[in-house]
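One structure below.
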Amino acid sequence: VVAIVGRPNVGKSTLLNRIIGRREAIVEERPGVTRDRKEVAASWRGRPFMLVDTGGWLAGGDSLDDQVSRQSEKAIADAHTVLFVVDATVGVTEDDDRVAALLRGRADTVIVVANKVDDRVHEAASWEMLTLGLGDPAAVSALHGRGTGDLLDRLVDLLPAEDVPDDAEVSMEDDAPRVLGVSIVGRPNVGKSTLFNRLIG
């Protein structure tokens, strides 16, 4: 399970829609549109996982905001991996810091997603997210798809290995077709995922 969390209006639902390739979550410019958790199946590089879209986390809001925040905290507790979305055009806010405080105890399973990075200016600004103490941010534009392939590469690398039954048979016959392993590597945003998608057709 992968939880998408963050304060309101940072692009969590837009990111979910981008990952699954269709409009599943409601997206509007006004904050607080997503009020409850939404679960949807997704996959990347043949690796299936469950995505959980949460409402915006707010400290000290009204009773409904408190309920939404509790739902977000439960999603964090239930998830193996967390995508913590921050708006790179705004920078780190007090609410971002509060969410980060909830996540620092499990920083090795958290990816900070600096969203709304539509150009190099905002990409440079995304490094402010290092102050959250959760590692290097993944700079993306969920709306336009920029950087989402590299983000998903990082995500599936964090997911636990899929269980293989103890009685599963593995063919080692000489005439079995050999599979060549190829890795595509490079710094972020150089087109690794685009090349991967082109190779597999």
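The values are calculated or read from the model by the stated rules, or taken from the named source; none is laboratory data. Computed from a predicted model, the values in this text were never measured in an experiment. Glycine also receives a Cβ, built like all others from the backbone with ideal geometry; neighbour counts cover every protein chain displayed.
Data table
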| read-out | value |
| --- | --- |
| Residue list for the range 59-94, restricted to those being farther than 19 Å from LEU152 by Cα and at pLDDT 90 or above | THR89, VAL90, GLY91, VAL92, THR93, GLU94 |
| Selection count where residues are assigned to a helix (DSSP H, G or I) and either surrounded by 21 or more Cβ atoms within 10 Å (Cβ to Cβ) or among the small types (Gly, Ala, Ser) (or both), scope the range 102-125 | 4 |
| Subset of the range 142-158 that is outside any helix (DSSP H, G or I) and touching a helix residue (DSSP H, G or I) at 6+ places or on another chain (Cβ under 8 Å) - its residue that is surrounded by the fewest Cβ atoms within 10 Å (Cβ to Cβ) | GLY145 |
| Pair list, Cβ under 6 Å, 6 or more apart: the range 137-157 residue within 20 Å of HIS80 (Cβ to Cβ), other residue of a type in the set (D, E, K, R) and assigned to a strand (DSSP E or B) | VAL156/ARG47 |
| Test result for ARG98, at pLDDT 85 or above, assigned to a helix (DSSP H, G or I) and within 16 Å of the chain's Cα centre (by Cα) | no |
| Residues located in the range 87-101, provided they are surrounded by 21 or more Cβ atoms within 10 Å (Cβ to Cβ) and in contact with a Pro (Cβ under 9 Å, 6 or more places away or on another chain) | ALA88 |
